[in-house]
Structures are given as C-alpha cells and as structure tokens.
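First up is the structure itself, then whatever we jot down about it.
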Amino acid sequence: MKHVKATIIMSYENDAVKQSGLDVMDLAKKDLKLALNMQDEDIIDVRSYKYQKIQSIFKRYPKGHEQKGQFIEGQYSIPELEFLKDMTWIWEEKIDGMNVMVVWNGTDVQFVGRTADAQVPKHLLKRLEHLFPVTKFKEHYPDKPMALFGEGFGAKIQGGGKYIKDGADFILFDVLIGGIWVQRESVEDIGNTLGIDIVPIVGHGTILEAIDAIKKGVKSTFGDFLAEGLVLKLKIPLLRRNGDRIVTKIKHKDYKVIDPWA
C-alpha cells in the first residue's frame with residue numbers, strides 16, 4: 001500500500017491539475033483520506049524527492065537534421081560543463097535499468113519510480129521489500145528520514161537481462177538527507193550499513209578523457225560486456241544556479257561503440 005500511496009500523489013502532477021490552480025497535495029490528501037482512511041501525517045509529498053534529469057555532455061542535433069539525435073561535438077549541454085571540463089571527475093558505471101527511489105520517513109518505507117507512469121515491476125518490488133524492511137531503517141536510522149536513489153535492474157527491465165538473467169536487484173547511487181545530497185563516502189557508508197550494493201567507480205579524469213574511454217569501450221564490472229556508459233560527478237559537488245547538481249553522463253551508444261565482448 002505504501003508504493004500505491006506515493007504513486008497516487010505523484011499522479012496528481014499533470015497539466016489539468018496545474019491549470020486548475022488547485023493544490024496538488026490538498027487534492028491527494030482529500031482523496032487518500034476518503035479511499036484509504038489515512039491521516040495527514042501518513043501522507044508524504046514525494047515530489048520533493050524527485051531525482052533530477054542528468055544532462056548529456058553535449059547538445060544534440062534536432063529533428064529534421066540528417067544527424068538527428070547525435071552529439072554536436074564541442075557544444076556543451078550546459079555552460080557549467082564547459083567551464084569544468086578540465087576538472088577531475090568521478091566516473092561511475094551507468095547501469096541499464098529503471099530509476100527507483102526508496103523513501104524512509106521515520107515510520108515506513110515507500111518505493112517509487114522516477115515518474116508517476118513508471119510502475120515498479122512486481123519482481124523488482126519483491127526484491128526491494130526484501131532489501132528494505134522497515135525494521136532495518138528503525139535499527140540503523142530511526143530518527144533520520146532519507147531518500148535513497150538507485151537503479152532497479154535485471155530480467156525484463158530495459159536491457160538488464162545481461163546483469164541478471166532471472167530476477168532483479170537494486171544498486172545505490174545517491175542519497176538525499178534533509179534536502180542535501182550526501183557525498184560519495186557517505187553514500188558508501190549508508191549502503192554498507194543497510195547491506196546494499198553501490199554503483200562502482202570505474203575511473204577518474206576530465207570530461208574529454210571520459211569521452212576517449214567510452215570511444216575505446218568501457219567494460220562493465222558485471223561481466224563480459226560493455227557498460228551502458230558513465231555517470232560523471234565532481235569530486236567536490238557543485239550546484240547550478242537553479243539548485244541542480246552538476247552531473248553529466250555519456251553512453252556507448254552516443255558514439256555507436258560496438259561491444260567487443262558480444
């Protein structure tokens with residue numbers, strides 16, 4: 001029921017509701033109270049935990065162009081990336097799956113996809129319930145609400161059959177506590193405490209060095225196949241003026257790299 005509760009609240013974020021001028025949370029609370037006999041304190045606005053869209057490194061050619069969808073080399077998607085291109089970045093392996101948010105509010109646990117339409121598959125939900133029982137959070141973080149962000153991956157989830165042929169799993173890549181994104185060391189500490197895996201670091205270097213690595217092919221840490229790509233994060237986290245973190249990504253398919261292990 002917790003999964004349904006969170007998804008219902010997110011589903012109120014649509015154009016019709018926004019144009020009506022009505023408050024999304026008020027509508028959700030009214031309906032949830034009637035349908036599920038819930039109280040205000042039981043209902044969390046999970047919109048505040050939504051994971052930001054990660055920008056690709058470069059802009060892409062638009063529709064109608066003969067190279068539609070391909071990178072426009074040298075034209076960075078946001079100015080901050082160009083300014084910081086020569087800094088040392090942490091390279092994390094990008095996993096081919098679905099974004100999953102695990103929300104601990106101090107009382108119960110909720111599992112939510114990245115959007116209202118992103119339903120968590122049943123076999124992944126079963127795995128999440130096994131990994132994140134309420135008792136585990138009450139034991140280790142009784143007074144510390146948090147949102148864990150990770151990738152749900154495995155059979156029947158995107159191209160995840162190459163990771164797990166039968167079943168599904170979750171791997172952690174970010175944690176939000178009190179509106180603050182914790183640093184990699186703290187993500188690892190929380191993951192180790194909860195007994196869950198963390199996305200592996202596969203290298204360090206500049207943006208252009210990461211592009212060169214992708215062009216040559218970065219092998220997945222999960223087996224004999226190409227990683228989906230790299231997620232690049234700064235060693236010292238920085239924010240854009242709108243509050244978004246400066247994070248970027250690059251995939252092998254951006255350069256049409258052929259898997260030498262296939």
Restricting attention to the stretch 134-170, and to residues there that are touching a helix residue (DSSP H, G or I) at 6+ places or on another chain (Cβ under 9 Å) and of a type in the set (K, R), which single residue is farthest from D189 (Cα to Cα)? K156
Could you please give the count of residues in the stretch 230-243 that are modelled with pLDDT of 90 or more and surrounded by fewer than 19 Cβ atoms within 10 Å (Cβ to Cβ)? 5
Go through (1) in contact (Cβ under 8 Å) with a residue 24 or more places away in the chain; (2) assigned by TED's automatic domain parsing to the domain that holds I90; (3) not in a strand (DSSP E or B) and name the single condition G243 misses. (1)
Quickly run through the stretch 172-197 and pick out the residues that are aliphatic (A, V, I, L, M) and within 22 Å of D244 (Cα to Cα). L172, V175, L176, I177, I180, V182, V187
Collect the residues in the stretch 133-150 that are modelled with pLDDT of 95 or more and among the acidic types (D, E), keeping them in residue-number order. E139
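Select, from V199, V175, the only residue that is in contact with a helix residue (DSSP H, G or I) (Cβ under 6 Å, 6 or more places away or on another chain) and either modelled with pLDDT of 95 or more or not small (G, A, S) (or both).
V175
Can you pull out the residues in the stretch 164-211 that are among the charged types (D, E, K, R) and touching a strand residue (DSSP E or B) at 6+ places or on another chain (Cβ under 9 Å)?
First, pick out the residues of the stretch 164-211 that are among the charged types (D, E, K, R): 165-166, 169, 174, 184-185, 188-189, 197, 209.
Matches in the stretch 164-211: K165, D166, D169, D174, R184, E188, D197, E209.
Let's see how each residue does on (1) more than 18 Å from the chain's Cα centre (by Cα); (2) under 30 Å from E73 (Cβ atoms); (3) touching a residue at least 12 places away in the same chain (Cβ under 8 Å); (4) assigned to a loop (DSSP other than H, G, I, E, B):
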residue	(1), (2), (3), (4)
M87	yes, yes, yes, yes
F111	no, no, yes, no
Q119	no, no, yes, yes
L125	no, no, yes, no
E139	yes, no, no, no
K144	yes, no, yes, yes
G150	no, no, yes, no
D174	no, yes, yes, no
Considering only residues that are in a loop (DSSP other than H, G, I, E, B) and either among the aromatic types (F, W, Y) or at pLDDT below 90 (or both), which ones fall in the stretch 246-258? I258
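The values are calculated or read from the model by the stated rules, or taken from the named source; none is laboratory data. Keep in mind the model is a prediction, meaning the values are calculated, not measured. Here Cβ is always computed from backbone atoms with ideal geometry, including for glycine, and neighbour counts include all displayed protein chains.
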